[in-house]
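First up is the structure itself, then whatever we jot down about it.
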Amino acid sequence: MASNFHKITFITALLAAFLSSPAMAANLWSGETIMHGGGYPAVTKFIKGHPKKPLFVFIPGAHHNARISYGGHKGYRENDFLAYWLNQKQYNFLAISYPIDTVSDLFGESYAEFSVRDWGRQAAEITKQVVDKYRIQGPVIVLGWSMAGKVAQPFYEESKRLNIKFDFYLSLAATPPIPGIVAKNKMVKMAESGLADRKNNYSKWYQQIKENDAKNGHIIIPKAIYESEYLGDISINQQAYGLRFHPGQNAFVRDYPADIEDTKGIEYGNFPLVAMLIPTSVLDLRHSLTDLSAWGIYNANGLYKDYSRRIANSPNKPLRLHKIRSTIYSAQLELSESVSGNHFFFVGKSGAEETSRSIEKLVEKVKQFREKWEDL
């Protein structure tokens, strides 16, 4: 009798642990997996391509999970999403959703302390696991959308530690971590969980998806599903508004130095090479007008640092300064492509297909630029 009692107690404990565990399996969509990196859970989806081709790692922006790159809700069309088109070209594709508190309770737990450095470490460690498991020989290219511009430096830093063959960072209308570039004094509502609640922005974001509906002649993501399955509350620490979650006060506090230290956005020469996809719509005016220059500061300083190191190691070689200057000056235009559409330009069949073509062009452009740089 006692033995049966202990068995029942043990089974009950296991069941309770499962039901309370982050990212419960019942909430996952087809092909999604729970993985861990940097001490935090992530919901991921890997779509296998050719092992010798690059692995694209998609990292979503503010308050969105990575489903925005591959879909999966009831009634969705696979070709409305970017992952489908890249995989058609035999590219490997990995989407990583950082911890996010959705209405559907995707993670089952909140992580108010999750930082930009945690984010980069998580993404890099999960990428390394996937590269090793599937024996991917091609390089890694990070597709960072919107707020995921903050992850460029920490991912790059971690990739060196983990020996990841990181090729370049590709900005999909991504915001670089330059202090004060957006909403330096922005105020954000705090949810009871300690996460940032920006539900007042949901309708504005959905208006852009509705614009894509009209272009494609059908509803891509129904509004109710978008708000409950694709969106949610996230850590304020990821957003670089100068606000940080303070557990002792259970409040958001203004702390610019902590933000700068977390993002390392002022370490201009310590970033990967950045290529850019820049939308053309007036609905995404800041990215349309400023991305080229904003990311250019990192490319210019990174190339300068690389060249300085080379001439220091080879002092007898001619400087060829004129060609170096013109190469750095022209790098931003050479490493960019314009795409028609708003901030969600890669959502919907027409935009997703165009984006995949532009990404392929940029892969070749980066290759050619590097060859030219080496020749110098």
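Read-outs: derived from the displayed coordinates by stated rules, not from any lab. The structure presented is a predicted model; accordingly, all values stated were derived computationally and were not measured. Here the Cβ is made from the backbone with ideal geometry for all residues, glycine too, and neighbour counts use every protein chain on show.
Estimated from helical segments only, the mean residue ellipticity of the chain at 222 nm is -13000 deg cm²/dmol, where each DSSP H run of four or more residues counts as -39500 (n - 2.57). If R0 is 22 Å, the Cβ-Cβ spacing of residue 371 and residue 267 corresponds to a FRET efficiency of close to 0.25. Largest GNM mean-square fluctuation across 144, 39, 194, computed for the chain with C-alpha springs under 10 Å, falls on 39.
Counting Lys and Arg as +1 and Asp and Glu as -1 over every other residue whose Cβ lies under 15 Å from the Cβ of residue 195, the net charge comes to -4. Summarising the label geometry, the points placed 7 Å from Cα in the beta-carbon direction at residue 350 and residue 113 lie 4.8 nm from one another. Label sites at residue 313 and residue 29, each approximated as a point 7 angstrom past Cα along Cα to Cβ, lie 4.5 nm apart. The protection proxy used here, the mean number of other Cβ atoms lying within 10 Å of each residue, ranks peptides 101-107, 45-51 as follows, highest first: 101-107, 45-51.
Summing Cβ point charges (Lys, Arg +1; Asp, Glu -1) relative to the Cα centre of segment 188-338 gives a dipole of roughly 720 debye. Expressed per residue, the C-alpha convex hull volume of segment 310-376 stands at 94 Å³.
How much length is gained if the chain between residue 162 and residue 211 is pulled fully straight, taking 0.36 nm per residue apart and subtracting their Cα-Cα distance, in nm to one decimal? Can you show the working numbers first?
Numbers: separation 49, 0.36 × 49 = 17.64 nm, distance 4.12 nm.
That works out to 13.5 nm of additional length.
In this simple spin-label approximation, residue 52 and residue 185 carry label points 7 Å from Cα along the Cα→Cβ vector, and these lie 5.8 nm apart.
Cα centroids of segment 229-243 and segment 46-74: 20 Å apart. Note on segment 27-375: dipole from Cβ charges, positive end direction compared against 252, 30, 91; the farthest Cα belongs to 91.
Which percent of the Cα-Cα distances in segment 27-375 go past 36 Å? The share of Cα pairs beyond 36 Å in segment 27-375 comes to 16 percent.
The lysines within cross-link reach of residue 74, meaning a Cα-to-Cα straight distance under 22 Å and a gap of 8 or more places when in the same chain, are 45, 210, 215, 223, 349.
Of the residues 234, 224, 281, the one whose Cα sits farthest towards the positive end of the charge dipole of segment 27-375 is 281 (charges of +1 on Lys and Arg Cβ, -1 on Asp and Glu Cβ, taken about the Cα centre).
Using 0.36 nm per residue, how much length does the chain from residue 361 to residue 78 gain when fully extended, once their Cα-Cα distance is taken away? Each step should come with its number before you reach the end.
Details: separation 283, 0.36 × 283 = 101.88 nm, distance 2.26 nm.
Going from the current span to full extension adds 99.6 nm.
May I ask what percent, to the nearest 5, of DSSP beta bridges between residues of the chain are antiparallel? Let's see the in-between values first.
Values: 20 of 43 bridges.
Bridges in the chain that DSSP calls antiparallel: roughly 45 percent.
Taking other residues whose beta carbon is less than 12 angstrom from the beta carbon of residue 244, and scoring Lys, Arg as +1 and Asp, Glu as -1, yields -4.
Taking the mean number of other Cβ atoms within 10 Å as a proxy for protection, how do you rank 112-119, 172-179, 69-76 from highest to lowest?
Values: 112-119: 22.4, 172-179: 24.0, 69-76: 17.6.
Per-residue Cβ counts within 10 Å, averaged per peptide and sorted highest first, yield 172-179, 112-119, 69-76.
In segment 292-310, which residues have a backbone nitrogen under 14 Å from the label point lying 7 Å from residue 324's Cα in the Cα-to-Cβ direction? The answer is 300-310, whose backbone nitrogens lie closer than 14 Å to the label point. Of the residues 107, 362, 376, the one whose Cα sits farthest toward the positive end of the charge dipole of the chain, with +1 on the Cβ of Lys and Arg and -1 on the Cβ of Asp and Glu, is 376.
List the trypsin sites (Lys or Arg not before Pro) within segment 146-200 that DSSP assigns to loop and that have no more than 14 neighbouring Cβ atoms inside 10 Å.
Details: sites: 150, 160, 161, 165, 184, 186, 189, 198, 199; in loops: 165, 184, 186, 198.
Hits after loop and neighbour filter: 165, 184, 186.
Under 11 Å from the Cβ of residue 84, count the other residues' Cβ atoms, weight Lys and Arg +1, Asp and Glu -1, and hand me the total. Its environment carries a net charge of 0.
Give, rounded to the nearest 20 debye, the magnitude of the charge dipole that the chain has about its Cα centre when Lys and Arg contribute +1 at Cβ and Asp and Glu contribute -1 at Cβ.
On the way: 45 positive and 37 negative charges, 204 e Å.
With Lys and Arg at +1 and Asp and Glu at -1, about 980 debye.
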